[in-house]
Amino acid sequence: MDAEAAAREVAELYQECYLRLYQRLDPRGWRASQETLMVLQHLAAAGPLTVTEAARHLDRSQAAVSELVARLVRRGFLARMADERDRRRHLVWLTAAGQELLRTTFQVLSPELLAAALARMDNADRERLLRGLCALREAADLTARERREEWKAE
C-alpha cells in the first residue's frame with residue numbers, strides 16, 4: 001500500500017475510533033473559557049509570572065488579567081506567592097487543580113473508554129499499536145520540522 005492510500009485509511013480509521021472513544025463532557029459542568037485556558041497554558045509554559053507580565057504577554061489590560069487571576073485563584077486553579085527575589089512582587093502559578101484542568105481539557109479520548117477497548121486487545125496488538133502510533137508521531141514531527149524550514153527559506 002502506498003503512502004497516500006495508507007493516509008486515507010488511517011484518516012478514516014482515526015475518525016471511526018474518535019467517534020467511539022471521544023471524551024464526553026458533562027453538559028451541566030463548568031467549562032473553562034478560551035481566555036482562562038490561554039492564561040493557564042501560558043503559565044504552564046512560562047512558569048510563575050506577575051499579573052503585569054502575564055497581561056503584557058496576553059496583550060490584555062492589567063486590570064482584566066488581575067480580575068481573571070482573582071477568579072482563577074478563587075476556583076483553586078491558580079495560587080499567588082511572594083517572589084523570593086523581591087518580596088514586594090507576587091507571582092501567580094498553577095495549582096495541581098489548574099494543571100489537572102489543562103490536562104483534562106485537552107484530553108481528546110476518554111481514558112475509561114480507551115482502557116476498556118485496549119483491554120479487549122491482546123498484548124501483542126497493544127504493543128504494535130503503541131509502536132505504530134509512536135512511529136507516526138515521530139514521522140509527523142519530522143514532516144513538521146521540514147515544513148517550517150521550507151517556510152523560513154521562502
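Please give the number of the condition LEU113 fails out of (1) touching a residue at least 24 places away in the same chain (Cβ under 8 Å); (2) assigned by TED's automatic domain parsing to the domain that holds ALA32.
For LEU113, the failing item is (2).
When the range 98-110 is examined, which residues are found to be closer than 16 Å to PRO48 by Cβ and either surrounded by fewer than 16 Cβ atoms within 10 Å (Cβ to Cβ) or not assigned by TED's automatic domain parsing to the domain that holds TRP30 (or both)?
GLN99
Run down LEU49, LEU37, LEU58, LEU25 and say which single residue is under 17 Å from THR104 (Cβ atoms) and in contact with a helix residue (DSSP H, G or I) (Cβ under 7 Å, 6 or more places away or on another chain).
Every option except LEU37 fails the conditions.
Sort out which residues of the range 58-87 are within 22 Å of the chain's Cα centre (by Cα), in a helix (DSSP H, G or I) and surrounded by fewer than 14 Cβ atoms within 10 Å (Cβ to Cβ), and write them in order of number.
ARG71
Residue-wise test of (1) loosely packed, with under 11 Cβ neighbours inside 10 Å; (2) within 18 Å of PHE77 (Cα to Cα).
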{"residue": "LEU13", "(1), (2)": "yes, no"}
{"residue": "LEU21", "(1), (2)": "no, no"}
{"residue": "PRO27", "(1), (2)": "yes, no"}
{"residue": "ALA32", "(1), (2)": "no, yes"}
{"residue": "VAL39", "(1), (2)": "no, yes"}
{"residue": "THR52", "(1), (2)": "no, no"}
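The values are calculated or read from the model by the stated rules, or taken from the named source; none is laboratory data. Predicted model, so just to flag it, every value in this text is computed and none were measured. As a convention, Cβ positions derive from the backbone with ideal geometry for all residues, glycine included, and neighbour counts pool all protein chains shown.
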